[in-house]
Amino acid sequence: MTRSFVQLDVFAAKPGDGNPLAVVLDAAGLHDTTMQAIARWTRLPETTFVLPPTSAEASYRLRIFSPRREVPFAGHPSIGSAHAVLEAGLATPRDGLLVQECAVGLLPVEVRGEGHQRRLAVRAPRARVLEIGQPDDPRLGAALAGFTAGALPPVLMDGGRRWWLAELHDEAAVRGLVPRWDAVSALARDHEAMGLCVFARCQGRDYDLVVRALVGHPGQVEDAASGAANATLAAWLHQSNALPHPDGRYVVSQGREVGHDARLELRVDAGGDVWSGGQVQTVVRGTLDWPDDSTDSPSL
Amino acid sequence: MRCRDFLQLDVFAYRPGTGNPLAVVLDARDLDTAAMQAFANWTHLSETTFVLPPRDPSASYRVRIFTPRQELPFAGHPSVGTAHAVLESGLAQARDGRLVQECAAGLLPLQVTGDGPTRRIAVRAPRGRAVAPPAGHLAALDAALAGRTRGALVPALIDNGPQWWVVELADEAQVRTMAPDLAAIAALTGATGAVGLAVFGRALPGSAHALAVRAFCPADGIPEDPVTGSANAAIAAWLHHNDALGPLGRDFMASQGREVGRDGRVHVRVDAEGEAWVGGSTQTVIRGALDW
């Protein structure tokens with residue numbers, strides 16, 4: 001069967017800067033195993049499937065798959081899918097909001113501006129601190145060897161997925177970090193976490209923070225742009241009274257070390273909720289031909 | 001920035017999802033090398049190709065092949081897939097069942113048989129030859145094979161563009177059940193300048209395929225490649241060189257990729273001149289327009 005398909009670049013001011021995402025726009029009737037097979041085949045960090053909403057308040061329903069498994073929530077797939085739904089005319093914002101129905105429930109997506117200037121932001125699930133480490137915590141020593149820590153202690157947070165967050169002294173330290181993958185993987189496995197996210201404050205740039213997200217398990221890969229990890233970091237900065245600006249808004253640079261140049265716009269609202277977003281570029285518009293697998297029960 | 005025709009294909013696949021994916025930009029004029037490299041990094045696929053008008057009058061089209069990290073002079077699955085894309089889009093027609101691909105490695109012939117869903121395309125691989133591995137490789141090879149029972153053919157390092165370690169195992173089961181020691185394989189390929197280790201075993205009579213193949217390239221960031229044209233060509237070249245094709249004949253099917261959730265089928269042929277051809281079916285999965 002032929003279905004509408006787009007491939008997007010999320011958190012990108014121009015194509016190639018951000019994190020790629022594949023979106024199947026009319027996924028009704030696709031079986032779970034078929035969705036997983038498509039997500040494995042695209043080889044992208046995530047592939048999403050847009051479905052009619054089952055809740056009356058929702059604008060659309062979304063299922064998110066990595067090449068290996070279904071993911072309850074992730075930032076860049078939510079931002080990208082909202083963009084795809086708007087471009088395809090499948091939903092229209094009400095009072096500047098779309099409501100995304102996904103495995104973790106109903107999540108609002110804020111829509112600002114139109115066309116090329118459009119900005120989207122998703123409210124991330126609340127993140128919580130699991131454990132605050134020591135400054136120069138020995139458990140992070142192997143992964144960060146030789147780098148001077150920043151002001152905040154390292155912390156293990158859960159924002160849907162778990163991350164160790166570690167502030168480094170300055171931008172050069174973050175950009176110059178050569179990942180020690182065995183140490184990052186050990187850290188991830190020991191704490192059932194995705195891996196290690198390092199960041200630093202920046203001066204005299206058009207962004208406030210530089211971030212790198214090193215996934216140690218499963219696989220060993222550096223993210224081009226991480227919506228959920230950055231939302232978790234924003235929650236930590238908020239809780240630590242360490243946000244770059246008093247209005248709760250800041251801009252992150254991520255991905256240069258892996259050939260991208262993403263910009264993420266973070267906002268902590270008056271209620272303490274974190275919104276993670278940015279711009280999306282449509283790179284491929286077309287159709288996907290994939291046979292329906294009739295040997296499994298259809299997805300609900 | 002303008003819109004270009006774009007296809008994403010599944011190569012060596014009898015249905016979508018069973019082969020090796022390939023992205024093809026059908027009109028790459030005025031994309032420079034840096035833009036091609038950036039797009040090939042963005043697709044996350046093992047290869048992305050860019051179709052250009054031929055410069056040589058005897059060529060049907062010209063193609064440039066990129067991995068996420070570098071440009072390649074030649075590769076098997078990108079050549080088979082790009083020929084499919086060119087035919088599908090009407091950019092070139094086969095003459096007497098042949099296309100001529102102009103690429104960095106020169107002019108390469110492709111053979112086209114059948115039409116529509118039954119079409120098969122084969123490419124002649126660069127001639128494979130055994131090269132002498134550095135001294136001391138035997139221990140590394142033993143470690144990389146992690147106790148597998150070997151077949152009759154002597155292992156060899158075969159150069160057909162990339163260099164492959166080609167090792168026959170006792171039978172198909174030895175191939176299918178192999179739990180690769182990726183660190184040991186990376187040590188072997190790193191010490192000997194190989195891109196990877198290709199193991200194969202003969203199937204029982206009555207199977208739909210004659211060989212089971214697996215290819216491991218951990219040092220290149222690919223623990224196991226789903227379906228590999230050049231590895232299958234290297235295996236065919238080494239079997240032919242040793243007069244060991246035997247009951248396979250000169251025209252047989254290899255099965256690769258089941259262990260990584262695929263089910264690729266590579267049609268392998270050794271022609272009268274002893275050249276190895278690899279081919280198969282290609283499925284068009286994504287058709288669209290690219291803004292880059």
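Read the figures in this text as sums done on the coordinates, not as results from a lab. Since the structure is predicted, the reported quantities are computational estimates derived from the model, not experimental observations. Quick reminder, even Gly has a Cβ in these numbers, built from the backbone with ideal geometry, and neighbours come from all protein chains shown.
Sites listed here are trypsin sites (Lys or Arg not before Pro) in segment B:103-157 whose DSSP assignment is loop and whose Cβ has at most 15 other Cβ atoms within 10 Å: B:ARG127.
Projected label points at B:ARG98 and A:GLU70, each 7 Å from Cα along the beta carbon direction, are separated by 5.3 nanometres.
Summing +1 for each Lys or Arg and -1 for each Asp or Glu among the other residues whose beta-carbon sits under 12 angstrom from that of A:MET157 gives +2. Take each peptide in A:97-105, B:159-167, A:188-196, count the other Cβ atoms within 10 Å of every residue, and average; sorted highest first, the result is B:159-167, A:188-196, A:97-105. Using C-alpha pairs under 8 Å with a sequence gap of at least 6, the mean separation divided by the residue count of segment B:244-292 gives a relative contact order of 24 percent. Sequence-distant contacts, meaning Cα pairs under 8 Å at least 6 residues apart, place the relative contact order of segment B:27-132 at 21 percent.
Could you tell me whether the protein assembly as shown comes out rounded, prolate or oblate from its Cα gyration tensor? Rule is a ≥ b ≥ c as square roots of the eigenvalues, rounded for a/c under 1.5, then prolate if a/b exceeds b/c, otherwise oblate. Verdict is prolate for the protein assembly as shown. Based on DSSP H segments of at least four residues, each scored -39500 (n - 2.57), the protein assembly as shown has a per-residue ellipticity at 222 nm of -6000 deg cm²/dmol. If R0 equals 41 Å, the separation of the Cβ atoms of B:LEU91 and A:ARG249 corresponds to a calculated FRET efficiency of about 0.25.
Entry note, chain A: relative contact order of 22 percent, from Cα contacts under 8 Å with a spacing of 6+ residues.
For the segment A:278-285, counting C-beta atoms of other chains within 10 Å of every residue's C-beta and taking the mean gives 4.
For segment B:1-53, trypsin sites (Lys or Arg not before Pro) are listed when DSSP marks them as loop and at most 14 other Cβ atoms sit within 10 Å of their Cβ; the list is B:ARG2, B:ARG29. Indicate the gyration tensor shape class of segment B:140-292 (rounded, prolate or oblate), computed on the Cα atoms with a ≥ b ≥ c the square roots of the eigenvalues: a/c under 1.5 is rounded; otherwise a/b larger than b/c is prolate and the rest oblate. In terms of gyration-tensor shape, rounded. Derived from the Cα gyration tensor, the three semi-axes of the equivalent ellipsoid of chain B are 31, 21, 17 Å, largest first.
Each Lys or Arg adds one and each Asp or Glu takes one away; over the other residues whose Cβ falls under 12 Å from the Cβ of B:ARG250, this sums to -4. Counting only DSSP beta bridges with both residues in chain B, the antiparallel share comes to about 85 percent. Please say if segment B:1-119 is rounded, prolate or oblate, where rounded means a/c under 1.5 for a ≥ b ≥ c the square roots of the C-alpha gyration tensor eigenvalues, and otherwise the choice is prolate for a/b larger than b/c and oblate otherwise? Oblate, because a/c is 1.5 or more while a/b does not exceed b/c.
Extension gain for the segment A:ALA13 to A:LEU152, taken as residue separation times 0.36 nm less the Cα-Cα distance, is 47.0 nm to one decimal.
Rounded to the nearest 20, the Cβ-based charge dipole of the protein assembly as shown about its Cα centre (Lys and Arg +1, Asp and Glu -1) stands at 500 debye.
Cα centroids of segment B:32-95 and segment A:201-255: 37 Å apart. Placing pseudo-labels 7 Å out from each Cα toward the beta carbon at B:ASP115 and A:HIS31 gives an inter-label distance of 3.4 nm. Each of A:LEU144, A:THR92, A:THR54 was placed along the dipole of segment A:35-183 (beta-carbon charges, centred on the mean Cα), and the one lying farthest toward the positive end is A:THR54. Among the residues of B:279-292, the average count of other protein chain beta-carbon atoms within 10 Å of the residue beta-carbon is 5.
Partner shielding of B:44-57 amounts to 1, given as the average count of beta-carbon atoms from other chains within 10 Å of each residue beta-carbon. Electrostatic tally near B:ASN160: other residues with Cβ closer than 12 Å to its Cβ, Lys and Arg +1, Asp and Glu -1, net +1.
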